[in-house]
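Enquirer: This is the structure, below, for whatever I ask next.
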Ligand SMILES: [Zn+2]
């Protein structure tokens, strides 16, 4: 709990990388693409932080 997984797709080369970092509030940060070393700006909105409640305790796969 408390940790959000974000899938970041590089806008330059299309490389996808998964980041797991604690995100508790909307913020933006930079990520270096592992494919082309481009700088990607990642923006986390409050909507992204909306808890995914299934009601049954079963975790749902992250929406890409
Ligand atoms: Zn890239």
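Let's see how each residue does on (1) more than 13 Å from the chain's Cα centre (by Cα); (2) within 13 Å of the ligand (Cβ to nearest atom); (3) modelled with pLDDT of 75 or more; (4) part of a strand (DSSP E or B):
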residue	(1), (2), (3), (4)
1	yes, no, no, no
6	no, no, yes, yes
60	yes, no, no, no
63	no, no, no, no
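Enquirer: Within the set of pairs 6 or more residues apart or between chains, which connect a residue that is on the phi > 0 side of the Ramachandran plot inside region 14-35 to a residue that is more than 14 Å from the ligand (Cβ to nearest atom) with Cβ atoms less than 6 Å apart?
Expert: none
The values are calculated or read from the model by the stated rules, or taken from the named source; none is laboratory data. Since this is a predicted model, take the numbers as computed values, not measurements. Because the Cβ atoms are built from the backbone with ideal geometry, glycine has one as well, and the counts that use them run over all protein chains shown.
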